[in-house]
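K.L.:
I have a structure I would like to understand better, so I am pasting it below and will then ask my questions one at a time.
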Amino acid sequence: MEVCFSNLREIFNGVNTFSYDQIALAEHYLGYRDLMAHWHRMFPGRVLDVNYADLVSDPESSLRKVAAFCGIEYVPGMADPRNSRRKAVATASTLQVRQPVIGRSVPRWMAYKSYLQPLMEALRSGGCAVEP
């Protein structure tokens, strides 16, 4: 829900139009989930899934797993995006990229739960658990 909600509230200027409709967004997410299941079947052990909630609640542990999976040494600065030396960022998250990773005890979408029923029901119908 948190990942879908972050897409729903982002204005992508005419691209990723699936993200402007709750049902289309759920269908896109479910398609992504099916695609990743396919890649896991085709290449067992070659794809690492990073859980969003784990990443934001404990960035260091998540990034240590990523580094180990990639066969590279973990560097403490990996867990803090403010350490990046990149000058330009050309993504929808331009303003967030240089901010610290923030784990919230209550997901952001929960404040809008009553408005997100179509998204929640579509995800549930696709077999996703949506409560935090």
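The values are calculated or read from the model by the stated rules, or taken from the named source; none is laboratory data. Keep in mind that this is a model prediction, so the values were computed, not measured. Here the Cβ positions follow ideal geometry from the backbone for every residue, glycine too, while neighbour counts run over all protein chains shown.
K.L.:
Restricting to region 1-41, count the residues that are without any contact (Cβ under 8 Å) to a residue 24 or more places away in the chain, under 16 Å from G126 (Cβ atoms) and hydrophobic (A, V, I, L, M, F, W, C).
P.N.:
5
K.L.:
Still on this model: Mind telling me which of the residues G45, G31 ends up being part of a loop (DSSP other than H, G, I, E, B), out of contact with any His (no Cβ under 7 Å at 6 or more places or on another chain), modelled with pLDDT of 90 or more and exposed (fewer than 14 other Cβ atoms within 10 Å of the Cβ)?
P.N.:
G45
K.L.:
Answer with yes or no whether L25 is in contact with a Ser or Thr (Cβ under 9 Å, 6 or more places away or on another chain), at negative phi and either in a helix (DSSP H, G or I) or exposed (fewer than 15 other Cβ atoms within 10 Å of the Cβ) (or both).
P.N.:
The answer is yes for L25.
K.L.:
Tell me which residues, restricted to region 69-120, are in contact with a Lys or Arg (Cβ under 6 Å, 6 or more places away or on another chain) and at pLDDT below 65.
P.N.:
Residue satisfying the conditions is R98 alone.
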